[in-house]
């Protein structure tokens, strides 16, 4: 089995990937983020201190790990430096960060266009975080993007000038203020100086690690149902947070990948617009939100909450080839008297267990539920599966029965040590 393992979100994001990544990184030499930008967020609590990372790999808190931002990530230099400085202020030296020379840079005009495009969509808004992620990926594929190797090299001024001139032509058509080239350049060349020491060829670094049998942990941002290809398009992110994004975002080939863990919550949530079959836009949803503190790490927006969806989970199992499930917030859902689990959809009068990432299908599907008893009590001190109350074990066992995948990690509390490993 390969020494390269992967942690992915299996629903709409915010599943608590950071906690699982943080645990698994204890045995890893490399922690690699392969997609997305600062539209994502990992929250990790260490010794009573809560860290919210939007770009930095979660594994960076382990000084024995080399934390890598892969080529598939789009990087806002200002945000990244802010996170680095926060860690330094809390006693972390941040000598273990490496940034792919092929990663693309988010610049001020990307943020301008992100907000502008969302505004002109009117009532068809996607729900973007307006952090410039989508436009940065657009430039990447339009082949006018600025990569980290150019950003910290000698070409930055020339490439920036060309881009600003071209963007100003578009902004003029929208009757928007012009971008000021020198203003942007003076600010961002300072960011480039500060980040230059971290930039290198991370693909070669990772393949040397593979040859040396060193453990590599690849961590995803966002999640399967937000994938640009396999999610509920167009209400998706701008990258591939599914298994394919690992190879294209790091340069690690498929044959090197071993375990693929899908992270879910014992309920579900979604931020932004788009279909959501098991959403509870009612008192139950409100209660889950408050019990689980469901507010966006990046945006602080209240998350839409609902029941766990096995139909969608099995789709994530299929797309990603999951070998294990990490189930978070079992303690949260156990505070309810009754728990529901979606086991099928009813679409046009017919029952189906097949998921389709199609708006017409999702908007017209009704969840078919099984009901379980809750009231688990305080399970935060449980260290083994056997110690869990019977109601909790029944719920977990049913998830395994319906997916055919072992639940290998169970989150039973907010702290990073509050986890059952099976």
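The values are calculated or read from the model by the stated rules, or taken from the named source; none is laboratory data. Given the structure is predicted, the values throughout are model-derived calculations rather than measurements. As a convention, Cβ positions derive from the backbone with ideal geometry for all residues, glycine included, and neighbour counts pool all protein chains shown.
Could you list, in sequence order, the residues of the stretch 30-69 that are closer than 15 Å to residue 100 by Cβ and part of a strand (DSSP E or B)? 30, 31, 32, 33, 36, 66, 67, 68, 69, listed by residue number.
Only residues that are surrounded by 21 or more Cβ atoms within 10 Å (Cβ to Cβ) and out of contact with any strand residue (DSSP E or B) (no Cβ under 6 Å at 6 or more places or on another chain) were counted in the stretch 138-160, giving 2. Residue 239 meets the conditions (1) assigned to a loop (DSSP other than H, G, I, E, B); (2) touching a helix residue (DSSP H, G or I) at 6+ places or on another chain (Cβ under 9 Å); (3) over 23 Å from residue 54 (Cβ atoms) in every case but one. The failed one is (3).
Within the stretch 70-111, the set of residues being buried (at least 20 other Cβ atoms within 10 Å of the Cβ), outside the structural domain of residue 28 (by TED's automatic domain parsing) and in a helix (DSSP H, G or I) comprises 109, 110.
The set of residues from the stretch 293-307 being touching a residue at least 24 places away in the same chain (Cβ under 8 Å) and within 18 Å of the chain's Cα centre (by Cα) comprises 294, 296, 297, 298, 299, 301, 303, 304, 305. The residues in the stretch 112-132 that are at pLDDT below 90, under 21 Å from residue 40 (Cβ atoms) and outside any helix (DSSP H, G or I) can be counted, and the count is 6.
With respect to the conditions (1) under 30 Å from residue 2 (Cα atoms); (2) not assigned by TED's automatic domain parsing to the domain that holds residue 67, residue 216 falls short on a single one, namely (2). Highlighted here are the strands (runs of 3 or more DSSP E) found entirely within the stretch 309-422 that include at least 2 residues which are free of Cβ contacts under 8 Å to residues at least 60 places away in the same chain, over 27 Å from the mean Cα position of the chain (by Cα) and under 22 Å from residue 285 (Cα atoms): 338-347, 365-373.
Consider the stretch 211-235 and keep the residues that are free of Cβ contacts under 8 Å to residues at least 60 places away in the same chain and part of a loop (DSSP other than H, G, I, E, B). The one that is surrounded by the most Cβ atoms within 10 Å (Cβ to Cβ) is 228. For the stretch 240-279, the set of residues classified as under 16 Å from the mean Cα position of the chain (by Cα) and at pLDDT below 95 consists of 270, 271, 272, listed by residue number.
Residues satisfying the criterion are present in the stretch 15-24 (criterion: buried (at least 23 other Cβ atoms within 10 Å of the Cβ) and modelled with pLDDT of 90 or more). Residue count for the stretch 25-57 under the criterion of being within 20 Å of residue 79 (Cα to Cα), modelled with pLDDT under 80 and in contact with a helix residue (DSSP H, G or I) (Cβ under 7 Å, 6 or more places away or on another chain): the result is 3.
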